[in-house]
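Everything below concerns the one structure shown next.
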Amino acid sequence: MNYICPLCRSQLFNADRSLACASGHRFDFAKEGYINLLPVNKKKSKDPGDNKEMMLARRSFLDAGHYEFLSQRVGELAQEFAKDSTQVLDLGCGEGYYTQRLQQALLSDDNEMSVYGLDISRAALRYAAKRYRDIRFSVASSYDMPFADASFDLMLRIYAPSKAAEMARVLKPGATLITVSPGKTHHYALKQMIYDEPRFHEVKDTALEGFEKVHQENLTSVLCLPPGDMVLHFLEMTPYAWKFASTEKQQLAKTGLECELDFFVEVHRKNHDLAAS
């Protein structure tokens, strides 16, 4: 157990159906199995993160296997660069699809592995914890993680906003960080529908302070969705959902949708000489 108290930063211990620290702060596990370690004074809204509707849409879309090729490649990279990891964190895990796929990619008879998932959305983790009982899920901010220094061998970050310094803090020296971000042409067809002068996604310098980049690649495909509800699920999980009127979404659901997929995948190694701050 490597959780720390989000209020006083001391170690948390198991206390019945709770986690507690020596200072007397206590956090109860939800009935679904996740733990909420996001204090009220650190919330920017009453219920931050993706809502229930967005979660259900993404879950339906991912369960249908449309992004399976991405999770498959992430698993291959994890096996290549961090196959002996025993402490694994999925940062911004959402409903847990990629978390569980990564767990399965690394699972072996001689590797006693603990897998953690962190997200700011309670709605997401409610579904994640109910489905994946052997993964430890916590509600918390990626900018202020409730984990001790040098806790993890491997971290996965798909799209989640974060700070390099905080990721470096919770990773062990020499640990592996796999990141996924939008590539140049990602979802370009949607931009063509929305903007008069659509632009390709700008891929900025992705160097992370405290890390060495050891691998990068673009993973591309074309998403072809036939007419039906899956089109609506896809639109709901993109950052462009609010750009489409309800009538436009329904029309696309009637005609089907074809869209570019372009994932920029990187593998970083935490510097051995970087001390935890």
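The values are calculated or read from the model by the stated rules, or taken from the named source; none is laboratory data. Just so it is clear, the structure is predicted and the values come from calculations on it, not from any experiment. Backbone-built Cβ (ideal geometry, glycine too); neighbour counts: all protein chains shown. The protein model used for the area step is the full one, side chains on, heavy atoms only, and it has no ligands, DNA or RNA in it. Shrake-Rupley method; radii C 1.70, N 1.55, O 1.52, S 1.80 Å.
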Discussion item. Can you give me the distance in nm between label points at residue 64 and residue 144, each placed 7 Å from the Cα along the Cα-to-Cβ direction?
Written reply: 3.9 nm
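Quick check of the Kirkwood formula: for the range 82-144, what is the inverse mean of 1/r over all pairs of different Cα atoms, in Å?
On the way: mean 1/r = 0.0852 Å⁻¹.
Radius from the Kirkwood sum: 11.7 Å.
List the chymotrypsin sites (Phe, Trp or Tyr not before Pro) in the range 139-246 that DSSP assigns to loop (not H, G, I, E or B) and whose Cβ has at most 14 other Cβ atoms within 10 Å. Which are they?
Working: sites: 143, 147, 152, 159, 188, 195, 200, 211, 234, 240, 242, 244; in loops: 143, 159, 195, 200, 240, 244.
Hits after loop and neighbour filter: 143, 159, 195, 200, 240.
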Worksheet item: Hey, with R₀ at 30 Å, roughly what FRET efficiency would residue 250 and residue 216 work out to, going by the Cβ-Cβ distance, to 0.05?
Response: 0.15
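What percentage of all Cα-Cα pairs in the range 145-277 are separated by more than 18 Å? Present the calculation step by step, with values, prior to reporting the outcome.
On the way: 5370 of 8778 pairs.
For the range 145-277, the fraction of Cα-Cα distances above 18 Å is 61 percent.
Kindly report the accessible area of the chain per residue (heavy atoms of protein chains, probe 1.4 Å, no ligands, DNA or RNA), in Å².
Numbers: 13750 Å² over 277 residues.
For the chain, the solvent-accessible area averages 50 Å² per residue.
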Discussion item. At a 10 angstrom cut-off on C-beta neighbours, averaged per residue, how do the peptides 261-273, 91-103 rank from highest to lowest?
Written reply: 91-103, 261-273
Discussion item. Under a crude label model (7 Å from the Cα following the beta-carbon direction), how far is residue 240 from residue 76 in nanometres?
Written reply: 2.7 nm
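Express as a percent, rounded to the nearest 5, the fraction of DSSP beta bridges in the chain (both residues included) that run antiparallel. Mind showing how you got there, number by number?
On the way: 32 of 53 bridges.
Of all bridge pairs located within the chain, approximately 60 percent are antiparallel.
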Practice prompt. Hand me the trypsin sites (Lys or Arg not before Pro) from the range 152-209 located in a DSSP loop with no more than 10 other Cβ atoms within 10 Å, in residue order please.
Written response: 199, 204
Discussion item. Need the full-extension length gain, residue 14 to residue 206, defined as separation in residues times 0.36 nm minus the C-alpha distance. One decimal, nm.
Written reply: 65.3 nm
Item to complete: Kindly provide the helix-only [θ] at 222 nm of the chain, computed as the sum of -39,500 (n - 2.57) over DSSP H runs of four or more divided by all residues, to the nearest 500 deg cm²/dmol?
Response: -8500 deg cm²/dmol
